[in-house]
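K.L.:
Let me begin by handing over the structure; questions about it come next.
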């Protein structure tokens, strides 16, 4: 596998003098950029024109990761030419949350094949119910296929996101690339690092990804009590206090959900994934050191699959809430991943509205507030 990473800054231009001439049907181009590329897609178009035969996927972000650095209003890209691995792209519309399950099924059906080894999926970050998207994927895909990815971002604005569909940045789509054959090596890891606080409460009223009541009390009212002065900044400040969910008291698996929107009229909260009625929910808050340690642990898990490969691409997808909490310390988590991954690993990524990865092994889940890593390499 031949691998190159490059970035584009609207002031400085491209980080390289010339882009590698490796356009082919076995070349993958992954692009992460700001929502402003919807209005001024110039740099994106340069890539699309230069890699006309390649498989290209990408989405908008709440911050672009390039190596260990984090940028806004930029573009980060990886160009990987595989020797023995075939690639296929798939897409499905997701105009509203109701389309999410079907979109997941359609993606899985388009990519399904006995030689399929993994899928990288990128979704619109606002129209989708991430839990239903994942459920649709899992309903059709074999558990042996590694599925990772994330939901597109829009800074802390929550107004519009895009995904590359038909080689153009567009809202309201899910796209994915499938990796085929026995030579591709796909690693994955996903960790959080948040601390639980306050009582665990039962979800007494919810519908899909909308939470109405906890312990019989209006969810938004309860959230505002915990946020205090920060309540005025909702939904963005809600990212600082995600919810940990588990099915019941015997469930050791806890999934994290983060707020996308609030509704003052019915005092509800809309999350990036499902909030099941009857489940147990508990607020979480940030622990700086544990967030960075979580990124390191995600890399340790991922490294097991990448060890020994001389050429490895790491795709880091971290939640926008982590960036808001870590602030000036955010680059510590992108540094922590590369410190653990094999020497020479090249990293790009983005800050997201949700992360997709297996919890540990098996089928994928929707996560929020995690650092999720995917490594791609190829064995001879």
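K.L.:
Hey, residue 212 hits all of (1) surrounded by 19 or more Cβ atoms within 10 Å (Cβ to Cβ); (2) in contact with a helix residue (DSSP H, G or I) (Cβ under 7 Å, 6 or more places away or on another chain); (3) within 23 Å of residue 288 (Cα to Cα) but one; which does it fall short on?
P.N.:
Residue 212 satisfies every listed condition except (3).
K.L.:
Another question, if that's okay. Which residue out of 81, 17 is assigned by TED's automatic domain parsing to the domain that holds residue 155 and under 25 Å from residue 337 (Cβ atoms)?
P.N.:
Just a single option satisfies the conditions, and that option is 81.
K.L.:
For residue 255, all conditions in the list (1) farther than 24 Å from residue 134 by Cα; (2) touching a residue at least 40 places away in the same chain (Cβ under 8 Å) hold save one; what is the number of the exception?
P.N.:
It is condition (1) that residue 255 fails.
K.L.:
Scan segment 84-97 residue by residue and report those that are out of contact with any helix residue (DSSP H, G or I) (no Cβ under 6 Å at 6 or more places or on another chain) and either without any contact (Cβ under 8 Å) to a residue 12 or more places away in the chain or surrounded by 22 or more Cβ atoms within 10 Å (Cβ to Cβ) (or both).
P.N.:
Matches in segment 84-97: 85 only.
K.L.:
In addition: Restricting attention to segment 98-110, does a residue exist that is within 21 Å of residue 28 (Cα to Cα), under 17 Å from the mean Cα position of the chain (by Cα) and part of a strand (DSSP E or B)?
P.N.:
No, every residue in segment 98-110 fails to be within 21 Å of residue 28 (Cα to Cα), under 17 Å from the mean Cα position of the chain (by Cα) and part of a strand (DSSP E or B).
K.L.:
Restricting attention to strands (runs of 3 or more DSSP E) lying wholly within segment 123-234, give those where 1 or more residues are not assigned by TED's automatic domain parsing to the domain that holds residue 256.
P.N.:
Numbers: elements: 146-151, 163-165, 168-170, 173-180, 184-191, 201-207, 210-214.
Ranges flagged: 146-151, 163-165, 168-170, 173-180, 184-191.
K.L.:
Can we say residue 118 is on the phi > 0 side of the Ramachandran plot and not in a loop (DSSP other than H, G, I, E, B)?
P.N.:
Considered against the rule, which asks whether it is on the phi > 0 side of the Ramachandran plot and not in a loop (DSSP other than H, G, I, E, B), residue 118 comes out as no.
K.L.:
Hey, residue 11 hits all of (1) over 22 Å from residue 343 (Cα atoms); (2) in contact (Cβ under 8 Å) with a residue 40 or more places away in the chain but one; which does it fall short on?
P.N.:
That leaves (2) as the condition not met.
K.L.:
Assess whether residue 110 counts as being in the same structural domain as residue 313 (by TED's automatic domain parsing), surrounded by fewer than 23 Cβ atoms within 10 Å (Cβ to Cβ), more than 16 Å from residue 356 (Cα to Cα) and touching a strand residue (DSSP E or B) at 6+ places or on another chain (Cβ under 9 Å).
P.N.:
So residue 110 fits the description; yes.
K.L.:
Would you mention how many residues in segment 84-97 are over 27 Å from residue 347 (Cα atoms) and assigned to a strand (DSSP E or B)?
P.N.:
Summing the residues that are over 27 Å from residue 347 (Cα atoms) and assigned to a strand (DSSP E or B) in segment 84-97 gives 2.
K.L.:
In addition: May I ask you to list the residues in segment 1-23 that are surrounded by 14 or more Cβ atoms within 10 Å (Cβ to Cβ) and over 25 Å from the mean Cα position of the chain (by Cα)?
P.N.:
Of everything in segment 1-23, those that are surrounded by 14 or more Cβ atoms within 10 Å (Cβ to Cβ) and over 25 Å from the mean Cα position of the chain (by Cα) turn out to be 19, 20, 22, 23.
K.L.:
Within segment 279-301, does at least one residue satisfy the condition of being in a loop (DSSP other than H, G, I, E, B) and at pLDDT 95 or above?
P.N.:
For segment 279-301, residues in a loop (DSSP other than H, G, I, E, B) and at pLDDT 95 or above: present.
K.L.:
So, in segment 340-367, how many residues would count as being out of contact with any helix residue (DSSP H, G or I) (no Cβ under 7 Å at 6 or more places or on another chain) and within 28 Å of residue 196 (Cα to Cα)?
P.N.:
10
K.L.:
Output yes when any residue across segment 329-343 is assigned to a strand (DSSP E or B) and not assigned by TED's automatic domain parsing to the domain that holds residue 226, and no when none is.
P.N.:
Scanning segment 329-343, I find no residue that is assigned to a strand (DSSP E or B) and not assigned by TED's automatic domain parsing to the domain that holds residue 226, so the answer is no.
The values are calculated or read from the model by the stated rules, or taken from the named source; none is laboratory data. It should be emphasised that the depicted structure is a prediction, and the values quoted were computed from it without experimental measurement. Cβ atoms come from the backbone with ideal geometry, glycine included; neighbour counts cover every protein chain shown.
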